[in-house]
Amino acid sequence: MLKPLRDQVAVITGASSGIGRETALRFAKQGASVAITARNEEALRQLEEQIRQQGGSVLSIPADIADWEQVRHLAQRVSVYFGRIDTWVNDAAVNVYGTFTDTSMEEFWRVIEVNLMGQVHGVKAALPYLQKEGRGAIVGVASVDAQIPMPMQSAYVASTHALKGFYDTLRLELTHERSDVQVSLIMPSSVNTPFFDHALSHLGVKPAPLPPTYEPSVVVDVILYAATHRGRSLYAGGAGTMLATSRRLLPTLTDRFLQWFGFVSQRTNEPKPASGPSNLWKPVPDPGAVRGSSPGLKFSPYTWLELHPMLAAMVVGAVFARLTFPWATRMFHGQWHLNH
């Protein structure tokens, strides 16, 4: 059994903005002690002060998760300060928008360093402390792109596909060892965060999320669930789930849709050169924000049912009964008339 949130010590990477920032605030609101990390020291300080003002217990440690030694030191400091680690949330990510031809090898590798190796570093650093406690949760945050291709994001998609394979393999190994450390991968649909504002763009314009977009709270609901329940691969937002399912059932048709819609919908009309502000190599100087400039849906029926499996089973059962009962009734009456 995983601990309730009020009894947990949680580490959140990528906490300076977006999903990571909202996750830290929600963990603290539920009574958890939180350790927050990111490269943006100004944003971390403001988040730390906000949590303290709300009565929360927080430790702020600036770090670049692409650097193994910094992540290892982060885990050590959290363990010493709070005495343990119960949940580790890997959330930090960067992106480069543009075709593979336009993306330099340095840019491609940096995305892999942060998005893939950053999460690998987090797991490697956290696992000894979780195993020492005898239980705990590792929560990776990737994207629905872990299940589908997406034009103009080759490095990002490569990193998310690799994360899916990494976490699935890690889960198998821990299960074989009879470990009670739970491993979950969260795969959000497009989310309204500053992620797109901070991305490096070779498009000539600022990139846009693939619609429809959801608010960060939809994803954080899933993260909090994964920190307290057994889980595997969890989607956040029904749109991404439908797209991933379509890709499995109708791969050619879905690829044709993405070939057209992916190029058209991921551009804004706001000019942004490749030399414009981006957080690929260093943080964009700002106080941090949870939301971006693409307002999204605040509720996902699919995600709500995913987080309430018993109610989902009842709904499916009711629909099945509704569809089959009239047919079964007709069959019964037909057989009765034949026998009489």
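What the table below lists for this structure:
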| read-out | value |
| --- | --- |
| Total residues in the range 201-248, condition farther than 17 Å from G262 by Cβ and in contact with a Gly (Cβ under 8 Å, 6 or more places away or on another chain) | 6 |
| Qualifying positions in the range 93-128 - of a type in the set (F, W, Y) and surrounded by 20 or more Cβ atoms within 10 Å (Cβ to Cβ) | Y97 |
| Pair list, Cβ < 6 Å and 6+ apart or interchain, from the range 149-173 residues that are without any contact (Cβ under 8 Å) to a residue 60 or more places away in the chain and within 30 Å of G204 (Cβ to Cβ) to residues that are among the acidic types (D, E) and part of a helix (DSSP H, G or I) | V157/D145; T160/D145 |
| Criterion (under 15 Å from G262 (Cβ atoms) and among the β-branched types (V, I, T)) met by exactly one of V144, V139, V120 | V144 |
| Contacts under 9 angstrom Cβ, first residue in the range 25-49 being at positive phi, partner outside any strand (DSSP E or B) and surrounded by fewer than 17 Cβ atoms within 10 Å (Cβ to Cβ), 6 or more apart | G31/P4; G31/R6; G31/D7 |
| Residue satisfying condition, being among the aliphatic types (A, V, I, L, M), modelled with pLDDT of 95 or more, under 22 Å from the mean Cα position of the chain (by Cα) and not in a helix (DSSP H, G or I), within set V290, V284 | V290 |
| Which listed residue, of I85, I51, I65, is in the same structural domain as V181 (by TED's automatic domain parsing), in contact with a Leu (Cβ under 8 Å, 6 or more places away or on another chain), more than 21 Å from Q182 (Cα to Cα) and not acidic (D, E) | I51 |
| Scan of the range 184-242 for residues that are closer than 24 Å to G122 by Cα, among the aromatic types (F, W, Y) and either in contact with a strand residue (DSSP E or B) (Cβ under 6 Å, 6 or more places away or on another chain) or not assigned by TED's automatic domain parsing to the domain that holds Y97 (or both), ordered by number | F196, Y235 |
| Leading residue by the ranking (surrounded by the fewest Cβ atoms within 10 Å (Cβ to Cβ)) among those in the range 72-92 that are over 18 Å from I19 (Cα atoms) and in contact with a Ser or Thr (Cβ under 8 Å, 6 or more places away or on another chain) | F82 |
| Condition met for A10 (at negative phi, assigned by TED's automatic domain parsing to the domain that holds P285 and not in a loop (DSSP other than H, G, I, E, B)) | yes |
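The values are calculated or read from the model by the stated rules, or taken from the named source; none is laboratory data. The structure displayed is predicted, hence computed values, not measured ones. Every residue, glycine as well, gets a Cβ built from its backbone with ideal geometry; the counts of neighbours run over all protein chains shown.
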